[in-house]
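Notes for the one structure printed next.
The values are calculated or read from the model by the stated rules, or taken from the named source; none is laboratory data. Everything numeric here is computed off the predicted structure, so don't read it as measured data. Cβ coordinates were reconstructed from backbone atoms using ideal geometry, including for glycine residues, and neighbour counts include every protein chain displayed.
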């Protein structure tokens with residue numbers, strides 16, 4: 001069985017991975033859904049010490065955007081504690097979707 005490896009490193013992300021999960025959001029400056037997503041994810045993670053929310057500007061991280069196949073903003077990658085992608089939300093996610101995705105990560 002092949003070993004899964006993270007597609008992004010903490011240094012590229014600008015933060016260590018959360019001890020349970022990381023919500024890695026790619027945004028753009030003039031994107032209204034990006035602002036709504038940022039607010040939603042910050043609210044969800046505010047009471048979770050084991051989940052980190054990181055928001056990256058897509059235009060400032062074009063190499064990552066290409067490598068991670070980010071087609072549009074907002075796109076949020078759900079990473080486990082090792083930084084391995086276990087889910088992805090393209091567009092503004094719904095609270096229930098994010099909460100369910102996080103609950104599935106032990």
Margin query: Looking only at the stretch 15-37, how many residues end up being in a loop (DSSP other than H, G, I, E, B) and either in contact (Cβ under 8 Å) with a residue 60 or more places away in the chain or within 16 Å of residue 86 (Cβ to Cβ) (or both)?
Written below: 4
Margin query: So for the stretch 78-87 (the condition being closer than 24 Å to residue 4 by Cβ, in a helix (DSSP H, G or I), without any contact (Cβ under 8 Å) to a residue 60 or more places away in the chain and in contact with a strand residue (DSSP E or B) (Cβ under 7 Å, 6 or more places away or on another chain)), does at least one residue qualify?
Written below: no
Next item on the list: Report yes if some residue within the stretch 47-60 is touching a helix residue (DSSP H, G or I) at 6+ places or on another chain (Cβ under 6 Å), surrounded by 12 or more Cβ atoms within 10 Å (Cβ to Cβ), at pLDDT 95 or above and more than 20 Å from residue 105 (Cβ to Cβ); otherwise report no.
Entry: yes
Next item on the list: Identify, from the list 7, 40, the residue that is part of a helix (DSSP H, G or I), within 17 Å of residue 89 (Cβ to Cβ), in contact with a helix residue (DSSP H, G or I) (Cβ under 8 Å, 6 or more places away or on another chain) and touching a residue at least 12 places away in the same chain (Cβ under 8 Å).
Entry: 40
